[in-house]
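The values are calculated or read from the model by the stated rules, or taken from the named source; none is laboratory data. Everything numeric in this text was worked out from a predicted model, so none of it was measured. Neighbour counts run over all protein chains shown; Cβ positions are idealised from the backbone, glycine included. Side chains included, ligands, DNA and RNA excluded: accessible areas come from the protein's heavy atoms. Shrake-Rupley method; radii C 1.70, N 1.55, O 1.52, S 1.80 Å.
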Amino acid sequence: MRFNEKELVSLSRQPSEKAAELGMRGPKKGDVVKKRLVKLVVNFLFYFRTDEEEPLGALLLEQCRVEREDEQAFSIAFLDEAERKYLFECDSQEQCQEWIDCIIKARSVPIPVPVFVSFLSPYSYEFMRKNLIFYRTEIHRLTGKDPLEQYGISDETRFQVNSAFKPVSKET
């Protein structure tokens, strides 16, 4: 999956759900723990040098596993690359647990569509399906109504994504 770099930088400047200076070790052998400003925005975990405004990188928290490593550290690994693990060291047990909880919550948030550039054509079925699901979820969140209900297709499996969207019952 590729992302629009300008949109990612813009997203990194948005208000964050959580931000702190943490010790961070990358996934490569020989990486050492370095102080980084870590910022959670929507479902991206951005990391910065503590004295810079541009992010060094970003982790899309979709399909990741978060594990507590010890009392004050947790790790993030991705399901398709389980051997690549990012380690984060916190100042306290409480801070560590807060980060784990926030990341778990952020994993289920859909990618903001302007940031997402499909590795497939923008006219591909999968690209359009992801956009439909994203906008359907947003409309439902804002209005409380399922926009597909009027077409009688709201319960079709192809328009569902995990449990992020719960169709409105027809009785209400």
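In table form, for the structure just shown:
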read-out	value
Signed unit charges on C-beta, dipole axis of region 15-61, positive-most listed residue L59, V32, F46	V32
Accessible surface ranking that places the most exposed of K145, K18 first, with a 1.4 angstrom probe	K145, K18
Label-point gap, in nm, between E138 and Q97 - each point 7 angstrom along Cα→Cβ	3.6
Region 1-90: GluC sites (Glu not before Pro) in DSSP loop, at most 10 other beta carbons within 10 Å	E52, E53, E71
Extension gain (nm, one decimal) between S108 and K35, 0.36 nm per residue minus Cα-Cα	23.5 nm
Unit charges on C-beta of K, R, D, E only; dipole of region 4-101, Debye	300
